[in-house]
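These notes are about the structure you will find just below.
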Amino acid sequence: MWPHSLQIVVGEAVVGVGTDDDELVARLAPWAALEAVAPSRTPDFGLELHPAPPVHRAQPRALPSSQHGTLVIGRTTDAAALRDGLLRTLASIGEMLTSGLVRLNGLPLLIDGQVVLAPPEVADRGSLRRLRNAGHVPVYVPSVVVDPATLLVHIPAPLGAPTGSIAAPLREWWLPSITGAENDAVPPRTLGQLAAHATPLLAPPWFEDELDGPAADAAGTRALRALIALIERLPPRIGRFDR
Amino acid sequence: MTAADSFQDASTAGPTVTAVLQHGAVRWALAGNEVVVHVPALAATHVLDPTAAMLWQCLDGVSPMDEIFADMAEAFGVAPEVVEGDCLPVVRSWFQAGIAVVPGSTVPADERAVGGGNSGRVWRRLVDPPST
């Protein structure tokens, strides 16, 4: 159970947010739904800045985290970064994806004005200290929009902020090894095989009515084409992401 | 009855007289001389080699398979029976994978909106978060 369970209106959707953060509650107040919609529904997003202490002294302390369902979006002691990322994620709900663009799952890392798109599971690592020491700044969002034609990555400003959107060139993006093993990785031989390996990075649509039907199929096909275009323009790196 | 069975039974004259359609829920795109077929609902992706890619793009739901095979045979300079022998198993595998259907067999999508409280406004509903 969350200390605070909010329902906010973002565009055409009512979004559930659970949190123990009073500041987030205050930041989301302008978007609070006037009436409860499906109040028993599990919150879509969560921000936990004060996880329960370990039962035993020898157990590690849980880090603060932001989540989409049970998917960890970010895990860090930097509460401001988690709050920033969640607000950017909420701002991206319902963003129109114009033809030619593709939304990819992953953790964006800013460095030298560019973006390294790390695999999604990197967000759940306990420590990104080595990355930060190397100058990478994580933005704790679950996905980003990429323009294959310009290789620009777009991350919206936090919900309610007039400025602060990010538009930076994609430096590199990562896919896991085909076999999942380090020593016997088999690189994809063709563009089609590489595209098939990359499709798990395609972010699902935000809304249920975008899951099927002619409009959904057309949008999904456009996203697949954009993914293939991105692979041709900037082939992904394949292997274990490790800085 | 599986989709592959329905392909078999669709025509008493044999499966090659049947027209076949790409399943409406799949997304596909050209990748070089291959075709990538992505099925989000199944989290599955298929890569079709150049010959299968050509066959896939001929599935219009109208042209009977034997006509498609005859056209391909002419393009490749081989007998239609050869094309049918090579391609019919591929088409059956597409039915088994759920990416091909007999026209008229798909089910329309249901409504995806949720009514909101007393205001009567209909809100768009978010896809359930992971693991819910």
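Laid out as a table, the results:
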{"read-out": "Shielding score for B:20-29, defined as the mean number of other chain Cβ atoms within 10 Å", "value": "5"}
{"read-out": "The range A:69-219: C-alpha gyration tensor shape, a/c 1.5 cut-off, then a/b vs b/c", "value": "oblate"}
{"read-out": "Other protein chain Cβ atoms within 10 Å, averaged over every residue that makes up A:211-217", "value": "5"}
{"read-out": "Distance between the range A:1-77 and the range A:97-151 - C-alpha centres, whole angstrom", "value": "22"}
{"read-out": "Largest-first ordering by accessible area, 1.4 Å probe, given options B:C87, B:C58", "value": "B:C58, B:C87"}
{"read-out": "Net charge, A:T77 excluded, C-beta distance under 12 Å - Lys, Arg +1, Asp, Glu -1", "value": "+3"}
{"read-out": "The range B:29-77: proportion of alpha-carbon pairs further apart than 17 angstrom, %", "value": "43"}
{"read-out": "Within-15-Å neighbourhood charge of B:V39 [Cβ basis; K, R +1; D, E -1]", "value": "-1"}
{"read-out": "Inverse of mean 1/r across different Cα pairs in the range A:1-142, Kirkwood, Å", "value": "16.3"}
{"read-out": "Cα-based equivalent ellipsoid, the protein assembly as shown: semi-axes from gyration tensor eigenvalues, Å", "value": "43, 26, 18"}
{"read-out": "Surrounding net charge for A:A29, when Lys and Arg each add one and Asp and Glu each subtract one, Cβ distance under 15 Å", "value": "-1"}
{"read-out": "Fluctuation leader among A:R61, A:R171, A:R222 - chain A, Gaussian network, Cα springs under 10 angstrom", "value": "A:R61"}
{"read-out": "Charged-residue dipole, Cβ positions (Lys, Arg, Asp, Glu), the range A:1-73 about Cα centre, Debye nearest 20", "value": "300"}
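The values are calculated or read from the model by the stated rules, or taken from the named source; none is laboratory data. Please read all numbers here as calculations on a predicted model, not as lab measurements. Every residue, glycine among them, receives a Cβ derived from its backbone with ideal geometry; neighbour counts consider all protein chains shown. Heads up: the accessible areas ignore ligands, DNA and RNA and are worked out on the full protein's heavy atoms, side chains in. Shrake-Rupley method; radii C 1.70, N 1.55, O 1.52, S 1.80 Å.
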